[in-house]
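Peer 1: There's a structure below that I have some questions on.
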Amino acid sequence: MKKKSLFLLLTLFFSCFFPLSIASAVMPEENLYTGSSAYYICDLYKDDILILNLTHTTLGNFSMYLLNKRPLIDTILTESIVAEGLNIYYVASDTLIYYIQVYLSSNGPYTFILNVTRNGEDVQLIRYYIPYIPGFPLGFLVLMIFTGIGVSIFIWKRRIMKDSYIR
């Protein structure tokens, strides 16, 4: 019984900190609405070559930016742009985590596909969500953390009470 409770506790604990999505080498099609952005993370070492190709399947007016600083708000940050365009060829000047921003300025909602290669190999990108932007499950994450802690305390107190009555 202790192993089962420990397993449940660890499962609840780790489910709060690890994303439920799985990245793959083939980037899926993504939908964007007019005025919204999608962000991705890509780590590069000095002198790595990054090639980004944005293909849109419809008539949306897309823009793509490569940022060297973490975006904190959902706007286009001109001071952190290191490259822009629908096709970007970039040689990293420093070892950093770079952020890729895809922005749909008009004619939305539409679908796009982002193809990324680093040093000639396909790259698995991780979707990045800025807190307080629609689509980021911040409320769900906080609820899961507090639920996990509450259930753990409840089980722990119940076990202590049960053990004290037996003795």
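Peer 1: Collect the residues in segment 56-81 that are assigned to a strand (DSSP E or B) and surrounded by fewer than 18 Cβ atoms within 10 Å (Cβ to Cβ), keeping them in residue-number order. Before the answer, list the steps.
Peer 2: Initially, segment 56-81 is screened for residues assigned to a strand (DSSP E or B), giving 56, 61-67, 81.
The answer is ASN61, SER63, ILE81.
Peer 1: Please determine, by comparing only the residues of segment 107-123 that are exposed (fewer than 15 other Cβ atoms within 10 Å of the Cβ) and modelled with pLDDT under 80, which one is nearest to the chain's Cα centre (by Cα).
Peer 2: Once the filter is applied, the top-ranked residue is PRO109.
Peer 1: Another question about this same structure. Any idea which of TYR65, TYR98, TYR89, TYR103 is among the aromatic types (Phe, Trp, Tyr), modelled with pLDDT of 80 or more and touching a helix residue (DSSP H, G or I) at 6+ places or on another chain (Cβ under 9 Å)? Break it down into steps so the answer makes sense when it comes.
Peer 2: On the way: TYR98 fails: touching a helix residue (DSSP H, G or I) at 6+ places or on another chain (Cβ under 9 Å); TYR89 fails: touching a helix residue (DSSP H, G or I) at 6+ places or on another chain (Cβ under 9 Å); TYR103 fails: touching a helix residue (DSSP H, G or I) at 6+ places or on another chain (Cβ under 9 Å).
None of the others qualify; the one that does is TYR65.
Peer 1: Here's a follow-up. Read through the list (1) more than 15 Å from the chain's Cα centre (by Cα); (2) more than 25 Å from PRO109 (Cα to Cα), then give the number of the only condition that ARG70 fails.
Peer 2: For ARG70, the failing item is (1).
Peer 1: Going through segment 35-55 one residue at a time, which ones are of a type in the set (A, V, I, L, M, F, W, C), under 14 Å from LEU96 (Cα atoms) and surrounded by fewer than 17 Cβ atoms within 10 Å (Cβ to Cβ)? Steps first, answer last, please.
Peer 2: Step one: filter segment 35-55 for residues of a type in the set (A, V, I, L, M, F, W, C), giving 38, 41-42, 44, 49-52, 54.
Checking the rest, the ones that are also under 14 Å from LEU96 (Cα atoms) come to 41-42, 44, 49-50.
Those that are of a type in the set (A, V, I, L, M, F, W, C), under 14 Å from LEU96 (Cα atoms) and surrounded by fewer than 17 Cβ atoms within 10 Å (Cβ to Cβ): ILE41, ILE49.
The values are calculated or read from the model by the stated rules, or taken from the named source; none is laboratory data. These numbers come from a predicted model, not from an experiment. Using ideal geometry, Cβ is built from the backbone for each residue, glycine included, and neighbour counts are taken over all protein chains shown.
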